[in-house]
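S.K.: My questions all concern the structure below.
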Amino acid sequence: MCRRLDPVVCAWNGRSLAAGRYPFVVVDALVMKVRDEGRVRSQSLFVAQGVHEAGPREVLALMLGDSESESSWSEFFAGLKARGLQGVDLVVSDDHSGLVQAVRTQFQGVTWQRCQTHFTRNVLDKTPKTLRSEVKQAVRAILTAPEVETARLLLQQTLAKYEKKASRAMECLENGFDDATAVLVLPERYRRRLRTTNALERLNEEIRRRERVIRIFPNRASVMRLVGALLMEIDEKWTSGKKYLDMTEYWEWLEASHKNRASSRVTRIG
């Protein structure tokens, strides 16, 4: 009876994405335990969420892979593009090296936003315990600055204050600054939902709730069947509900940005 879901889930997971653009894409992966050839193996479940040009968000795809390697992420992204994914302007994720490299390869020219929640955690892990509270406040001020210039000024002040007392943390902060503040170029109303992978983390929690009951999946097909059916249901609620983001201001901002760049090029040539 359960296997009857397989063609339904497969059709949904392979549906065309060519009807419009998806300017914002958020990706993440979860580790699942799966019995394979008589052994219990750890498998990575890749999930992508996108915001359609009209404003609703969608679950774009899921894929089960052996690991979070660059090749696995590249396969996942290539599958999305083969289904018609286009118009991506921003990809949000954590800083797993294989993932980041695959984003840069598969989505050349697209802005990558490093999840600020993960980034803050990385900085604090390298901060002495006695300084974590004040460093956390300083990092938060940087990441929530009104524009990049202010964020950079706050960065320099923070580095000067803590470079001797928390050198490893400050090195991490400085190295990750540009990627963690990429979202600051967007209009302010879009930043809160795109500065982290928190929206996808909540989706992952729903998956974990089911996984905790099963603990070890009997095979790979059962993972795709159960998780796929869950994500289909969530996707239907998202697409039939109210808009996730009002995209009007974004398209106006993007058009103005293109005109400004074109004007700058003409001025330089002249």
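Where a number appears in this text, it was derived from the coordinates with a stated rule and is not lab data. The model shown is predicted, which means the values in this text are computed figures rather than measured ones. No Cβ is skipped: glycine too gets one built from the backbone with ideal geometry, and neighbour counts run over all protein chains shown.
S.K.: If only Cα atoms are counted, what is the Rg of region 1-71, and what is its Dmax, in Å?
M.R.: 14.9, 47
S.K.: For region 143-270, what is the Kirkwood hydrodynamic radius in Å, using each pair of distinct C-alpha atoms?
M.R.: Values: mean 1/r = 0.0522 Å⁻¹.
After inverting the mean inverse Cα-Cα distance, the result is 19.2 Å.
S.K.: Report the rotationally averaged projected area of region 116-196 based on its alpha-carbon convex hull, in square nanometres.
M.R.: Spelled out: convex hull of the Cα atoms, projected over all directions, averaged, 4.6 nm².
S.K.: Among Lys129/Lys161; Lys81/Lys243; Lys126/Lys164, which pairs are too far apart, with a Cα-Cα distance over 21 Å?
M.R.: Cα-Cα > 21 Å for Lys81/Lys243; rest within.
S.K.: Oh, and also: Mind computing the radius of gyration and Dmax over the alpha-carbon atoms of the chain? Å is fine for both.
M.R.: Both quantities, over Cα of the chain: 20.6, 70 Å.
S.K.: Counting other Cβ atoms within 10 Å, which GluC sites (Glu not before Pro) in region 104-168 have at most 13 and lie in a DSSP loop?
M.R.: In loop regions of region 104-168 (DSSP not H, G, I, E or B), the sparsely surrounded GluC sites (Glu not before Pro) are Glu147.
S.K.: Just for the chain, what percent of DSSP beta bridges are antiparallel, to the closest 5? Write down the numbers at each step before the final one.
M.R.: Working: 21 of 29 bridges.
Antiparallel: roughly 70 percent of the beta bridges in the chain.
S.K.: Hey, which aspartates and glutamates would be in cross-link range of Lys33, C-alpha to C-alpha under 18 Å, not counting anything within fewer than 8 residues on its own chain?
M.R.: Asp66, Glu68, Glu205, Glu206, Glu211
S.K.: Tell me which aspartates and glutamates have Cα within less than 12 Å of Lys237's Cα, excluding those fewer than 8 residues away on the same chain?
M.R.: Straight-distance partners of Lys237: Glu58.
S.K.: After finding the eigenvalues of the alpha carbon gyration tensor for region 28-163, what semi-axes result from the square roots of 5 times each, listed largest first in whole Å?
M.R.: Largest first, region 28-163 gives 33, 22, 12 Å.
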